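**Q** Quick one: this structure, given as structure tokens, is what I'll be asking you about.
The values are calculated or read from the model by the stated rules, or taken from the named source; none is laboratory data. The model shown is predicted, which means the values in this text are computed figures rather than measured ones. Glycine also receives a Cβ, built like all others from the backbone with ideal geometry; neighbour counts cover every protein chain displayed. Just the protein is used for accessible areas: all its heavy atoms, side chains included, with ligands, DNA and RNA removed. Shrake-Rupley method; radii C 1.70, N 1.55, O 1.52, S 1.80 Å.
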Amino acid sequence: MMKSTSETSHEPLSPVVLPRSGHSISRKKIDEDTLKVLYRLHRSGHKAYLVGGGVRDLLLDRTPKDFDVGTDATPSQIKKLFRNCFLIGRRFRLAHIRFGRDRLVEVATFRRQARPDDLPENPEDHFFFAENIFGTPQEDAFRRDFTINALFYDIGSFSIIDYVGGLEDLAERRLRVIGDPLVRFTEDPVRMLRALEFSARLGFSLDEATREGIYVRAPLIAEAAPPRIREEIMELFRHKVAATVLRDAQAMGLLPHLLAGFEGDRETFDLLARVDARTADGHPIEEHFALAALYLARFRRACPPESDITVSDVVRIAGLVLSPHCGYFHIAHGTRHQARELLVGFFRLCRGRGNRGERRFLQHPMTPQSLDLFSLWAEFSGEKRELAAAWREALTRITEGTEKPRSTSRRRRPRRNTRREPSPRPSDS
Ligand code: ATP
Ligand code: MG
């Protein structure tokens, strides 16, 4: 019988066990290095499970991003078993087993959630402690976020072990928090964003209590550590679900607490949907591109191309528009600079052709990306499509060398008595 996920993990439960004949995970789908690690742990008398997203994705017939291993061997026992093992992490002790130059398998000892009496007196040590208490497989399943992320594949029996009702939720295509969402979202508010992310990635519905929990606990996300939010937001872009998730976040009242001051307007969501489609087409998404897309609508309102605003004003406004986000998330200067250049490039493209400094602007390394942004915007807005096509043609002519780039064909001498063109690198001016 399926156990309710609201039961606490204190008393032992018997899990649902699906034997090899009852599921579709074949060892052929598991990468070789991971199998080696699983087998060696198992041969040495330890429990060795494939855990987390890998099991979920294999059961859904999707290609897992990576495979994680869970075991009852302690980090030092793991280290003794593998010559190529490195223990990493101060807060969360993990074993990395390296293969070749750039392959690695992550192995974690089963953990459980800390109970109040586990915690040391000094509150500053709580976080470190809370994530490092070893536990049983059952406890390890219950500390995880969603039922579908808490399934185990046991290399000893080739069976799936389910303590939390994850198999049923997979079959129903439902995303459900393990335990009480109000409690689990208070413990870690980032789980609210992850809930929306997985539901969008997998096309799963949110179970009712999980949805309610997000409505109620939404303000808490403002307290999450900025680096974690920054990383999760980039995950949304990498998984091509930025538009869907941010739109859901807005509908559920999460967005204003997630990105303070961010305006989730129709134009932004339409643009993000195009950005996701561009990533799906095989363009790797970089953070500066994501930032420029997030703040393009606001920038456009601040800098209408028809106005007689100067390029140096545009540079300043682009910087101001990006500044609260970049400051809060400690975005590196280089990334900020590139995001600003994209916005300024967008302005120059939008303003039309034939302006001073056009040739050098076309040769600038950021211009192709500005043009991507401009073309995406032109596509959904229906505006300036011909202009986008004309710019594309001009850029192709320059890059294919039909028009010889002047600045690289010979060294330019400074011209006397003529006004220099304004700098083509907008944000350098
Ligand atoms: P993917 O790697 O495909 O994005 P994943 O499920 O592997 O998905 P990770 O972020 O790699 O997600 O995390 C690995 C596992 O760790 C998850 O499947 C989940 O069981 C657990 N986990 C991750 N983040 C949390 C969290 N905030 N709270 C509880 N458990 C978590
Ligand atoms: Mg993962």
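**Q** If you go through the stretch 271-290 one residue at a time, how many are more than 15 Å from MET234 (Cβ to Cβ) and open to solvent by 40 Å² or more (accessible area, probe 1.4 Å)?
**A** Matching residues across the stretch 271-290 total 6.
**Q** Would you please list the contacts, defined by Cβ atoms under 6 Å and residues six or more apart or on different chains, that run from a residue in the stretch 352-365 that is of a type in the set (Gly, Ala, Ser) to a residue that is open to solvent by less than 70 Å² (accessible area, probe 1.4 Å)?
**A** Partner pairs satisfying both residue conditions: GLY357/GLU421; GLY357/PRO422; GLY357/PRO424.
**Q** Another question, then. Go through the residues of the stretch 221-240 one by one and say whether even a single one is under 23 Å from ALA171 (Cβ atoms), touching a residue at least 60 places away in the same chain (Cβ under 8 Å) and within 16 Å of ligand 1 (Cβ to nearest atom).
**A** Residues of the stretch 221-240 that are under 23 Å from ALA171 (Cβ atoms), as a first pass: 239.
Then drop every residue that is not touching a residue at least 60 places away in the same chain (Cβ under 8 Å), which leaves none.
So far as the stretch 221-240 goes, no, none of its residues is under 23 Å from ALA171 (Cβ atoms), touching a residue at least 60 places away in the same chain (Cβ under 8 Å) and within 16 Å of ligand 1 (Cβ to nearest atom).
**Q** For the stretch 35-49, give me each residue that is surrounded by fewer than 24 Cβ atoms within 10 Å (Cβ to Cβ) and either within 16 Å of ligand 2 (Cβ to nearest atom) or in a helix (DSSP H, G or I) (or both).
**A** Residues satisfying the conditions are LEU35, LYS36, TYR39, ARG40, HIS42, ARG43.
**Q** Go through the stretch 223-296 and tell me which helices (runs of 4 or more DSSP H), entirely inside it, have 2 or more residues that are out of contact with any Pro (no Cβ under 7 Å at 6 or more places or on another chain) and among the charged types (D, E, K, R).
**A** In the stretch 223-296, the matching helices (runs of 4 or more DSSP H) lie at 226-238, 242-251, 266-280.
**Q** Can you name the residue in the stretch 329-354 that is open to solvent by 60 Å² or more (accessible area, probe 1.4 Å) and over 23 Å from the mean Cα position of the chain (by Cα) and, of all such residues, is farthest from LEU395 (Cα to Cα)?
**A** ARG351
**Q** Could you check the stretch 62-87 and list, in sequence order, the residues that are of a type outside the set (Lys, Arg), more than 14 Å from ligand 1 (Cβ to nearest atom) and either under 22 Å from the mean Cα position of the chain (by Cα) or in a loop (DSSP other than H, G, I, E, B) (or both)?
**A** So the first thing to find is which residues in the stretch 62-87 are of a type outside the set (Lys, Arg), and the list is 63-64, 66-78, 81-82, 84-87.
In the following step, the residues that additionally are more than 14 Å from ligand 1 (Cβ to nearest atom) were identified as 71-78, 81-82, 84-87.
Selection gives ASP72, ALA73, THR74, PHE82, ASN84.
**Q** So in the stretch 365-398, with the set limited to residues that are closer than 21 Å to HIS288 by Cα and among the polar types (S, T, N, Q), which one is surrounded by the most Cβ atoms within 10 Å (Cβ to Cβ)?
**A** SER370
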